[in-house]
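Each remark here refers to the structure printed beneath this line.
The values are calculated or read from the model by the stated rules, or taken from the named source; none is laboratory data. Everything numeric in this text was worked out from a predicted model, so none of it was measured. Note that each Cβ is placed from the backbone with ideal geometry, even for glycine, and that neighbours are counted across all protein chains shown.
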Amino acid sequence: MSRLQVVSGKGGTGKTTVAAALALALATEGKRTLLVEVEGRQGIAQLFETEALPYEERKIAVAPGGGEVFALAIDPELALLDYLQMFYKLGGAGRALKKLGAIDFATTVAPGLRDVLLTGKACEAVRRKTKQNKYTYDYVVMDAPPTGRITRFLNVNDEVAGLAKIGPIHNQAQAVMRVLKSPETAVHLVTLLEEMPVQETSDGIAELQAANLPVGRVIVNMVRPAILDETELALAQGGASRTAIAKSLSSAGLGGARKGGNAERLVTPLLDQAAEYAERHDLEHGQRAVLAESGLPLHELPLLAEGMDLAGLYRLATELRKQGI
Amino acid sequence: MTPPLSLDPAHTRILDVDPLIDDPKTRIVVCCGSGGVGKTTTAAALGLRAAERGRKVVVLTIDPARRLAQSMGIDSLDNTPRRVKGIETVEGADGGELHAMMLDMKRTFDEIVEAHADGQRAEAILGNPFYQSLSAGFAGTQEYMAMEKLGQLRARDEWDLIVVDTPPSRSALDFLDAPKRLGSFLDGKLIRILMAPAKVGGRAGMKFLNVGMSMMTGALGKLLGGQLLRDVQTFVAAMDTMFGGFRTRADATYKLLQAPGTAFLVVAAPERDALREAAYFVERLAAEDMPLAGLVLNRVHGSGAAQLSAERALAAAENLDERGIVDQEAGNVELRTPEEAALTDDTTTTATTPQATATAATTTPAAPPAPAATDQLTAALLRLHAERMQLLAREQRTRDRFAALHPEVAVTEVGALPGDVHDLAGLRTIGDRLAAGSNPAGAV
């Protein structure tokens, strides 16, 4: 298992949730993981039902078997000051730069510098060791930018190394790229069984592979439960007699089966819902086939009927463990 | 018909999109919201509807899914509005046209440079490595260029309605923040520092400042590597004359967004995260004096059998299951005559709804499939229905929360489609649902 787990996915597919569940799953059996947020949305704090995370590594959850999950919301501005400190001991000059708007510039406008800082910080956590010369974190899980931007985000150091041809930034950028392009890293893509997210996932895989970035797994999130089996689908799509269904409904206590009766009036809407289910079922089947073409390991996580909460997160983590992550 | 003012969230104000897009005074509609809620589809559907109702419309999309773009015939990314064929004008609403374009960030940036710098200078900028990566689009550039393009389209005055889709940002707010950030950078002292080596003169009064500046450029040089700093400095020097223009245009576009002819539509799905983002955005628009027309709630589910609750459906399904088990245990599924079945049915029904007994008892039992198979199917249909009703309840709770926080926001709900949209007919359906407003129950 790679030590840096990058989780991306189209907006709305639940990549923050999956990243958090993955961090929990990897932390079981006494392991220690760091969950990193790079987009400043405080999605992790919301998921774990804690107050907003500061720019520091903080324990947010305990996993079954004594594992621990730490979280870090990277603030690009503070990360830049860190970075300056690391290379130049620029304390005062750093503050002066801040006054001049240089920090703003570097973290919001300057090409890629923001992304350099974010990936750099994550790689630093991956490589960090304790005094006993053990890795501080067994795994680092990054809740990364969406699929549309992930390749550029991870590859930014290549570009920076090209722009700054010498100097410490150049060296730092190259060191980060060595981690990102090695088997130490795996980039996972979260998707839904819908056309647009699947299309974006396929495009994302192709882009990542073209950039020599290591693609890990495809995680299909919010998979709806199978309620009708194939026989029932076939019956609902024409095999079954409407009168028989009305009668069956009536016998279950839902009113009259005669035309206009309460049970009879349920037949059409119920069959309509079944037809919709069938249409979605076919679509999902097709999308699964598209995803299978990628040849990557596929995982599926269930849609949680009561919405996402902390208990749901632990359920998803257990599910990931069961599926061999 | 104004709904009565009430704390009951059921009385949410209804957003009527047709008067909005029909009003000749509406010149710009901005669709914003977090990723994955159907912003682009909403923008395209609104544009199509407005065009078919007689307006001359251009839809500016930022990053459309390939098939949606193809549905409007804009698979070429060439930064120019293209006429969309196949619109079906509503009777009596002639003259409508639909144009669509996909934003090419780099091309837009290049055009600004070409338009505002003389040939040689433009060449120097376009060839600068720093410029090349800036314009290829890192955080913030896309938002800025979307605003820039909107300003350009508006200035051309060829269309009477511009529908804009906003970039798929990490947060919906980026769209409003980016131009200001770029503006404050361009106005900032940093620019002057970067330009300092090129401008260091011998003026005594500037001496102190220059010491500070060279210290700063020294630090920057060490950090970035001398050659990158030189690239940045040449870039800044070459762009110097254009900065004023950037600032002016960013300000102008910002004012345009506040003008009465602009309407913001916040797009969301009835999910907790999407509606939380929508609430942030609503608050932010109010703080910036930007005119909010309302909330478009996409992918709302309905049911034709809403009178049957999830609990009752599940209980009924269980009832049918149990009987199936009894039948199997008795081993006489085949042997059971319709009369016997009706008899059993009667007893069950009597226990729950006496009113139903009479009808059930007199109904002629149906022909095959065998009762057990039908019961099994019926139980499955009921479970499917229960799932739908639970979904409905969940969606209702999230909507109620939003409505309680923002009762002033008018809402239109768009019923969920089982599949994706990839042609004009699909967009038209979405448009019809947008206009139908608050009645997704009839929708599938």
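Looking only at the range B:250-269, decide whether some residue is assigned to a loop (DSSP other than H, G, I, E, B), buried (at least 20 other Cβ atoms within 10 Å of the Cβ) and modelled with pLDDT of 75 or more. Scanning the range B:250-269, I find at least one residue that is assigned to a loop (DSSP other than H, G, I, E, B), buried (at least 20 other Cβ atoms within 10 Å of the Cβ) and modelled with pLDDT of 75 or more, so the answer is yes.
Within the range A:227-238, the only residue that satisfies the criterion of being more than 10 Å from chain B (Cβ to nearest Cβ) and either at positive phi or among the aliphatic types (A, V, I, L, M) (or both) is A:GLY238. Could you please let me know if A:THR268 is surrounded by fewer than 16 Cβ atoms within 10 Å (Cβ to Cβ) and assigned to a helix (DSSP H, G or I)? It is true that A:THR268 is surrounded by fewer than 16 Cβ atoms within 10 Å (Cβ to Cβ) and assigned to a helix (DSSP H, G or I). For the range A:173-193, check the following and say yes or no: at least one residue is within 14 Å of chain B (Cβ to nearest Cβ), part of a loop (DSSP other than H, G, I, E, B), crowded, with 16+ Cβ neighbours inside 10 Å and touching a residue at least 60 places away in the same chain (Cβ under 8 Å). Yes; the residues of the range A:173-193 include at least one that is within 14 Å of chain B (Cβ to nearest Cβ), part of a loop (DSSP other than H, G, I, E, B), crowded, with 16+ Cβ neighbours inside 10 Å and touching a residue at least 60 places away in the same chain (Cβ under 8 Å).
Looking at A:ARG315, is it within 30 Å of A:VAL62 (Cα to Cα) and more than 9 Å from every other protein chain (Cβ to nearest Cβ)? Judged against the criteria, A:ARG315 is a match.
Consider the range A:27-58 and keep the residues that are within 19 Å of A:LYS121 (Cβ to Cβ) and aliphatic (A, V, I, L, M). The one that is farthest from the other protein chains (Cβ to nearest Cβ) is A:LEU34.
Quick check on the range A:122-141. Is at least one of its residues touching a Lys or Arg at 6+ places or on another chain (Cβ under 8 Å), within 14 Å of chain B (Cβ to nearest Cβ) and either part of a strand (DSSP E or B) or of a type in the set (Phe, Trp, Tyr) (or both)? So far as the range A:122-141 goes, no, none of its residues is touching a Lys or Arg at 6+ places or on another chain (Cβ under 8 Å), within 14 Å of chain B (Cβ to nearest Cβ) and either part of a strand (DSSP E or B) or of a type in the set (Phe, Trp, Tyr) (or both). The residue list A:GLU279, A:GLU230 contains one member that is within 27 Å of A:GLY11 (Cα to Cα) and modelled with pLDDT under 95, which is A:GLU279. May I ask you to list the residues in the range B:375-421 that are more than 9 Å from every other protein chain (Cβ to nearest Cβ), among the charged types (D, E, K, R) and assigned to a loop (DSSP other than H, G, I, E, B)? Hit for the range B:375-421 is B:GLU408, nothing else.
Count of the range A:188-214 residues, restricted to those that are closer than 23 Å to A:VAL116 by Cα and touching a Leu at 6+ places or on another chain (Cβ under 6 Å), is 2. Where helices (runs of 4 or more DSSP H) fall entirely within the range B:34-126, those with at least 2 residues that are surrounded by fewer than 17 Cβ atoms within 10 Å (Cβ to Cβ) and either on the phi > 0 side of the Ramachandran plot or under 21 Å from the mean Cα position of the chain (by Cα) (or both) are at B:66-71. With respect to A:THR151, is the statement that it is surrounded by fewer than 24 Cβ atoms within 10 Å (Cβ to Cβ), out of contact with any helix residue (DSSP H, G or I) (no Cβ under 9 Å at 6 or more places or on another chain), assigned by TED's automatic domain parsing to the domain that holds A:GLU77 and not acidic (Asp, Glu) true? The answer is no for A:THR151.
Considering the range A:265-283 alone, what residues qualify as being at the interface with chain B (Cβ under 8 Å from one of its Cβ atoms) and among the acidic types (Asp, Glu)? Once the filter is applied, which keeps residues that are at the interface with chain B (Cβ under 8 Å from one of its Cβ atoms) and among the acidic types (Asp, Glu), the range A:265-283 yields A:ASP272, A:GLU276, A:GLU279.
Among the residues in the range A:295-305, are any closer than 18 Å to B:HIS385 by Cβ and either of a type outside the set (A, V, I, L, M) or within 20 Å of the chain's Cα centre (by Cα) (or both)? Yes, because at least one residue in the range A:295-305 is closer than 18 Å to B:HIS385 by Cβ and either of a type outside the set (A, V, I, L, M) or within 20 Å of the chain's Cα centre (by Cα) (or both). Answer yes or no: is there a residue in the range A:186-194 that is touching a strand residue (DSSP E or B) at 6+ places or on another chain (Cβ under 8 Å), small (Gly, Ala, Ser) and within 21 Å of A:ALA73 (Cα to Cα). The answer is yes, given that some residue of the range A:186-194 is touching a strand residue (DSSP E or B) at 6+ places or on another chain (Cβ under 8 Å), small (Gly, Ala, Ser) and within 21 Å of A:ALA73 (Cα to Cα). Among the residues of the range B:386-410, those that are more than 11 Å from B:THR12 (Cα to Cα) and either aromatic (Phe, Trp, Tyr) or more than 22 Å from the chain's Cα centre (by Cα) (or both) comprise B:ALA386, B:GLU387, B:ARG388, B:MET389, B:GLN390, B:ALA393. On inspection, A:GLN287 qualifies as in contact with an Asp or Glu (Cβ under 7 Å, 6 or more places away or on another chain), more than 9 Å from chain B (Cβ to nearest Cβ) and in a helix (DSSP H, G or I).
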